[in-house]
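Input: a single structure, listed below in structure tokens.
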Amino acid sequence: MAGPRGCSPGRCYGATVPDLLLTDGTIVDGSGSVPFEGWLTIADGHIGAVGRMHEPPPSAASTIRVAGQVVAPGFIDVHNHSDLSPFVVPDMPSTIRQGVTTVVVGNCGSSPWPLSSWDEAVDLAYGEPGSLPRPDWRSWSAYLEAIDAATPAVNIAALIGHGSVRREVLGSQRRAPTPEELDRMQGFVRDAVADGAVGVSTGLIYVPGISAATEEIVVLARAAAAEGGLYASHIRGEGRDLFRAVAEALEIGDRAELPVHVSHLKCESSRVWGRAAEVLAMIHDAADATADQYPYTAWNSSLSSFLPPWAPAGDLGTIARADRDRLRTAVEIGETDFQSSVDGVGWDRIVLVTAPEPRWRGRSVTDVATDLGLEPFEAFIELLERDPNLACIGHAMSHADVDTILADPLVFVASDASATAPDGPGGDLPVHPRDYGTFPRALAAARDRGSLPLQAMVRKMTSLPADRFGLRNRGSLRAGYAADVVVFDPAAIRDTSTFEAPHAFPVGISHVFVNGVLGWSRTTALTQRAGIAVRRG
Ligand SMILES: [Zn+2]
């Protein structure tokens with residue numbers, strides 16, 4: 001979106017009467033500087049001016065007094081999976097009600113273009129196609145135009161997924177691409193980033209990313225680098241193989257000469273508990289690296305990601321019969337080049353979100369195994385044979401590591417969520433509480449544990465991710481910037497969503513503005529959708 005009429009950063013000439021004045025609040029402008037009592041005006045979808053209380057504010061068409069509350073830039077969620085939410089749940093209540101005004105999708109190697117099959121679209125929409133029309137976009141630009149036409153509740157920026165590109169060119173083949181195929185793959189990445197994608201993502205524990213060698217990713221990262229994009233990675237292992245996997249991501253950044261961003265950084269499995277400071281040191285010592293985190297001690301993933309690359313879910317029946325012992329070792333202990341998701345965690349800490357039988361939702365694999373009269377590994381195979389697309393939650397991280405990572409200045413707050421609603425897609429499932437609570441939870445943690453000043457935590461949610469992901473004129477309360485603004489009570493803000501009862505909205509937020517439009521407020525509870533597709537640069 002272009003700048004407002006007559007405005008440039010720092011000055012505003014044209015709008016004689018602003019649309020809105022927010023006054024008597026505490027301004028936390030996103031830069032990390034000390035908060036101050038002041039006011040802010042919004043005009044034509046942009047921030048008109050920001051002032052201190054001793055400077056008289058201009059009169060505006062309407063005024064909202066926000067005494068005792070913080071006025072901050074809307075939060076930017078750089079790790080989100082709401083790729084198709086604008087078409088399925090455009091109100092995105094679980095997102096906007098956290099104070100989030102922009103999400104970055106296309107993460108973990110999966111993006112909405114190229115979209116090689118309808119099944120892939122349904123996967124992206126988390127198995128809830130709802131009213132989703134069959135996507136017909138033939139280019140990256142067409143996807144972004146479809147978002148604009150849908151007008152979601154929040155802004156959407158997107159990465160192009162290496163996995164989606166690989167599937168489009170190689171199908172389900174597990175071999176390396178030929179030079180010609182690699183050229184085609186590069187072309188997809190180059191075109192997408194030239195058309196506004198913020199970079200390229202990988203998901204190296206998922207099919208088909210799991211089959212890609214480092215070299216293949218370096219080549220695609222170079223294509224992103226040529227257009228100014230970054231490299232975001234769900235790395236090859238977050239437990240036993242954590243350090244090797246972070247090293248691979250950093251190597252790709254060095255060789256392709258582009259910024260590296262490690263997605264949902266964590267120390268997963270007791271094998272690496274207590275080592276958060278070591279992995280953070282790798283990020284800090286790198287030439288150009290950042291990371292993000294959801295502040296919870298459990299992950300959410302697909303049960304099929306427990307399978308080694310030689311045993312894809314589609315062939316599981318045959319492989320499980322022919323090579324059962326090797327498969328069991330790979331899944332429960334791991335192999336040289338494949339990290340087990342169970343090792344150092346245990347089946348009793350793996351809880352089903354979706355299940356072939358509703359009574360198993362929210363139950364552990366161990367519980368299901370007891371029900372079936374089987375060993376947990378056998379129950380795992382049976383579950384995947386009945387439904388290869390099952391989602392699960394793994395209670396695999398330690399509180400101390402989560403807190404250490406959350407307090408790090410180079411780690412942004414991000415949800416890894418897909419937009420949901422109590423009465424919408426996923427509303428009957430025991431989803432991960434991060435879907436509803438990530439940002440308020442991080443603010444509450446900083447306040448209650450004194451781990452970071454408020455302005456430092458807000459900075460990790462706003463200006464830092466905006467700069468890193470090329471979201472120009474967002475993430476700061478500065479004249480001329482897009483008026484993405486959240487108003488919250490710093491003493492009251494907190495999450496209420498839990499693993500037991502996840503479909504619960506946070507408290508303490510009163511107003512969320514998206515592009516100058518009141519997208520949600522506590523008093524009206526109405527959602528007026530004003531999100532747009534955000535292009536890099
Ligand atoms: Zn991921």
Reported set for the stretch 400-417 where residues are closer than 21 Å to Met461 by Cβ and more than 16 Å from the ligand (Cβ to nearest atom) is Asp401, Val402, Asp403, Thr404, Leu406, Ala407, Asp408, Pro409, Leu410
The stretch 207-247, residues that are of a type in the set (Val, Ile, Thr) and within 16 Å of the ligand (Cβ to nearest atom): Val207, Ile210, Ile217, Ile235, Val246
Residues of the stretch 173-186 being polar (S, T, N, Q) and exposed (fewer than 13 other Cβ atoms within 10 Å of the Cβ), in sequence order, are Thr178
Please determine whether any residue of the stretch 232-243 is part of a loop (DSSP other than H, G, I, E, B), hydroxyl-bearing (Ser, Thr, Tyr) and in contact with a helix residue (DSSP H, G or I) (Cβ under 9 Å, 6 or more places away or on another chain). no
Note on the stretch 132-172: residues of a type in the set (D, E, K, R) and either without any contact (Cβ under 8 Å) to a residue 24 or more places away in the chain or surrounded by fewer than 17 Cβ atoms within 10 Å (Cβ to Cβ) (or both) are Arg134, Asp136, Arg138, Glu145, Asp148
Any chance you could count how many residues in the stretch 207-216 are out of contact with any Lys or Arg (no Cβ under 7 Å at 6 or more places or on another chain) and part of a loop (DSSP other than H, G, I, E, B)? 2
Is it the case that some residue within the stretch 341-360 is farther than 16 Å from Leu383 by Cα, more than 16 Å from the ligand (Cβ to nearest atom), in contact with a helix residue (DSSP H, G or I) (Cβ under 7 Å, 6 or more places away or on another chain) and charged (D, E, K, R)? yes
Which numbered condition trips up Met282, out of (1) hydrophobic (A, V, I, L, M, F, W, C); (2) free of Cβ contacts under 8 Å to residues at least 40 places away in the same chain; (3) assigned to a loop (DSSP other than H, G, I, E, B)? (3)
Would the stretch 323-334 turn up any residue that is at pLDDT 95 or above, touching an Asp or Glu at 6+ places or on another chain (Cβ under 8 Å) and within 24 Å of Gly163 (Cβ to Cβ)? yes
Of all residues being at pLDDT 95 or above and in a helix (DSSP H, G or I) in the stretch 335-361, which is surrounded by the fewest Cβ atoms within 10 Å (Cβ to Cβ)? Just the residue, please. Arg359
Working carefully through the options Ala444, Ala456, find the one that is surrounded by fewer than 23 Cβ atoms within 10 Å (Cβ to Cβ), outside any loop (DSSP other than H, G, I, E, B) and touching a strand residue (DSSP E or B) at 6+ places or on another chain (Cβ under 6 Å). Ala444
Scanning the stretch 184-206 for residues that are in a loop (DSSP other than H, G, I, E, B) and touching a Leu at 6+ places or on another chain (Cβ under 8 Å), which turns out farthest from the ligand (Cβ to nearest atom)? Asp195
Given the condition over 24 Å from the mean Cα position of the chain (by Cα) and either outside the structural domain of Arg236 (by TED's automatic domain parsing) or not in a helix (DSSP H, G or I) (or both), answer yes or no: does some residue in the stretch 160-168 qualify? no
For the stretch 320-350, name all the residues that are more than 18 Å from Glu238 (Cα to Cα) and of a type in the set (Val, Ile, Thr). Thr329
Among the candidates Val165, Val198, Val189, Val193, single out the residue that is within 27 Å of Arg244 (Cα to Cα), in contact with a Lys or Arg (Cβ under 8 Å, 6 or more places away or on another chain) and at pLDDT 95 or above. Val198
Helices (runs of 4 or more DSSP H) within the stretch 362-427 that include 2 or more residues in the same structural domain as Gly450 (by TED's automatic domain parsing), within 19 Å of the chain's Cα centre (by Cα) and within 30 Å of Val89 (Cβ to Cβ): 399-406
Does Tyr231 satisfy being within 19 Å of the chain's Cα centre (by Cα) and surrounded by fewer than 24 Cβ atoms within 10 Å (Cβ to Cβ)? no
For Asp315, the lone unmet condition from (1) assigned by TED's automatic domain parsing to the domain that holds Asn107; (2) over 30 Å from Arg255 (Cα atoms) is (1)
So which of Thr420, Thr438 ends up being modelled with pLDDT under 95, closer than 30 Å to Val342 by Cβ and crowded, with 24+ Cβ neighbours inside 10 Å? Thr420
Within the stretch 251-273, is there a residue that is within 16 Å of the ligand (Cβ to nearest atom), modelled with pLDDT of 95 or more, closer than 30 Å to Ala444 by Cα and out of contact with any Asp or Glu (no Cβ under 9 Å at 6 or more places or on another chain)? no
Of all residues making up the stretch 496-521, the number that are within 17 Å of Asp484 (Cα to Cα) and touching a residue at least 12 places away in the same chain (Cβ under 8 Å): 11
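The values are calculated or read from the model by the stated rules, or taken from the named source; none is laboratory data. Source: prediction; values computed, not measured. All Cβ positions, glycine included, derive from the backbone under ideal geometry; neighbour counts span all protein chains shown.
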